[in-house]
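Read the structure below first, then the notes.
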Amino acid sequence: MLFPKSSVASVVALALAGCTLAPPYTPPLVATPVAYKEMGPWTPADPADQTPRGDWWTVYGDQTLNDLERRVEAANPTLALALARYDEARALAAQARSALFPQVGATADATRNRQSDDRPLRIGGPNYYGDNVVGGTVSYEFDFWGRVRNEVAAGKAQAQAAGDDAASARLSLEAQLAAAYMDMRGADAQEKLLADTAIAYARALVLTKAQHDGGAVSGLDVGRAEAQLESARAQEVDVAAQRALDEHLIASLVGQPASTFSIAPVGDLLQPPRTPAAAPSLLLERRPDIAAAERRAAAANANIGVARAAYFPSITLDASGGFESAGGANLLTAGNSLWTLGPAAALTLFDAGKRKAGIRAARDQFDEASASYRATVLSAFQEVEDNLALCNRLADEADHQALSVRASQRTESLALTQYRMGSVTYLDVVTAQTADLDAERIALVIATRRLQASVGLVRALGGGWRNSEQT
């Protein structure tokens, strides 16, 4: 029996145009502010932001940092794990999509058999016989209720979420590397400051000993000068230890054992960039973690439709055909042909509330995904505001601290001059030197924090920017 092609096409079209039982989906709503409240001179607004998530770290102008960031993409195992999960999610989505098409199979069987003499209902026939079969099968499920389509939609959304997870992991690792690099360069600057300070303290100690040998000062001044020098050297060792930890972290981030990795010290700090901030409404589009959370909410919504479809019958069309013979060379002849064709339906009549519980669980999963999305968005706005505040307030703090450094340097110079003239004791010199060293170290700490805050703001905004857009 043959079916007209038009009839088959009509049935398939009906199946593809069937209803879907998933609720209409809209992303969970979160109140979006019109503008950030912590904007400032170091974080200008960029309302026409089309900022890519490209090589944002190049804005710092440090070739070593550029080289390290590129190694993260190539060798970091955490990023490789995220990319593998993305590939897995894509494969699962493709697996779900295959259910939209007929499943076609082929069989071939050649056996030699013997019937039991006492086989029930046996009436004659040979004891020994051959059975050769070759054929194929086709099976197609009509997706009247949208179960398959919703599974495909859920798989696609999950794959997109996994891709956004990979982008989020990449951005996080890039920012983590940049922050560690800035901290290490801050340690380099502090080491240089402490090394120069130790040299100056050593000269002061020589001067104090000469004055002591000449009877101009007491041994108390010599003791204070020695203590001051050793304190500076101890601080230098402590900073070196912190630098080593930063270097070890960077080694892990670029996929290299810490024992075989080193970065040459550089005494000068990088200059913090002005970081343009995109409009709050664009943050929802730029943050990969927000995009991942939204896609998971979409997948959970589609799964509600999958759960609802369980209340309706599963309808399939199965067809099989081929040739069968007891042996010989005439297997593929019309007389040996066989076929079967027909629809099948299956419906669960009683399941003790299993399907109802499945729908309830699917709705709860959507509520969870929606709540997770809202939490991610709120956390994103907080991170942006936090880093905007740091970038702008630390810039003001750096200006005040620069004035403090200049004042403490003048005080130290004056104290040394007066000490040589015998106008003050060495305690006054020690006090001035300590204040100057503390002021300069605090200035370096602030500068380092500003660099790290600029990195944090880039991460919070979801990526980098073009240099031409920094106006």
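Quick one: is Asp289 surrounded by 15 or more Cβ atoms within 10 Å (Cβ to Cβ), among the charged types (D, E, K, R) and not in a loop (DSSP other than H, G, I, E, B)?
The answer is yes for Asp289.
How about the stretch 83-120: which of its residues are farther than 30 Å from Asp164 by Cβ and in a loop (DSSP other than H, G, I, E, B)?
Pro102, Gln115, Ser116, Asp117, Asp118, Arg119, Pro120
When only residues in the stretch 39-82 that are outside any helix (DSSP H, G or I) and among the polar types (S, T, N, Q) count, which is modelled with the highest pLDDT?
Asn76
Going through Ser408, Ser404, Ser372 one at a time, which residue ends up being of a type in the set (S, T, N, Q), in contact (Cβ under 8 Å) with a residue 24 or more places away in the chain and within 30 Å of Val30 (Cα to Cα)?
Answer to the check: Ser372.
Anything in the stretch 149-202 that is of a type in the set (S, T, N, Q) and within 22 Å of Ser372 (Cβ to Cβ)? List them, or say none.
Asn150, Gln158, Gln160, Ser168, Ser172, listed by residue number.
Could you list all residues from the stretch 223-271 that are assigned to a loop (DSSP other than H, G, I, E, B) and in contact with a Phe, Trp or Tyr (Cβ under 7 Å, 6 or more places away or on another chain)?
The answer is Leu270, and nothing else.
Yes or no: the stretch 121-144 includes at least one residue that is within 50 Å of the chain's Cα centre (by Cα) and in a loop (DSSP other than H, G, I, E, B).
Looking for residues that are within 50 Å of the chain's Cα centre (by Cα) and in a loop (DSSP other than H, G, I, E, B), one finds at least one in the stretch 121-144, hence yes.
To keep it simple, each residue is scored yes or no on (1) touching a Phe, Trp or Tyr at 6+ places or on another chain (Cβ under 6 Å); (2) modelled with pLDDT of 90 or more.
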position	(1), (2)
Asn127	no, no
Asn132	no, no
Val138	no, yes
Phe142	no, yes
Glu151	no, yes
Ala157	no, yes
Gly163	yes, yes
Glu174	no, yes
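Which pairs turn up if I take residues in the stretch 306-328 that are farther than 25 Å from Gln365 by Cα and in a loop (DSSP other than H, G, I, E, B) and look for partners that are of a type in the set (A, V, I, L, M) and at pLDDT 90 or above with beta carbon separation below 6 Å, at least 6 apart in sequence or on another chain?
Nothing qualifies.
What's the number of the condition Leu347 fails, among (1) over 53 Å from the mean Cα position of the chain (by Cα); (2) free of Cβ contacts under 8 Å to residues at least 40 places away in the same chain?
Here Leu347 meets the rest and fails (1).
In the stretch 304-335, what residues are of a type in the set (Ser, Thr, Tyr), more than 18 Å from Gly105 (Cα to Cα) and in contact with a strand residue (DSSP E or B) (Cβ under 6 Å, 6 or more places away or on another chain)?
Correct list: Ser314, Ser325.
Would you point out which residue out of Ala93, Ala106 is surrounded by 16 or more Cβ atoms within 10 Å (Cβ to Cβ), in contact (Cβ under 8 Å) with a residue 24 or more places away in the chain and over 16 Å from the mean Cα position of the chain (by Cα)?
Among Ala93, Ala106, only Ala93 is surrounded by 16 or more Cβ atoms within 10 Å (Cβ to Cβ), in contact (Cβ under 8 Å) with a residue 24 or more places away in the chain and over 16 Å from the mean Cα position of the chain (by Cα).
For the structure I just gave you, tell me whether Gln211 is touching a residue at least 60 places away in the same chain (Cβ under 8 Å), surrounded by 15 or more Cβ atoms within 10 Å (Cβ to Cβ), in a helix (DSSP H, G or I) and not hydrophobic (A, V, I, L, M, F, W, C).
In short, no.
The values are calculated or read from the model by the stated rules, or taken from the named source; none is laboratory data. Bear in mind the structure is a predicted one, so any value in this text is a computation, not a measurement. Because the Cβ atoms are built from the backbone with ideal geometry, glycine has one as well, and the counts that use them run over all protein chains shown.
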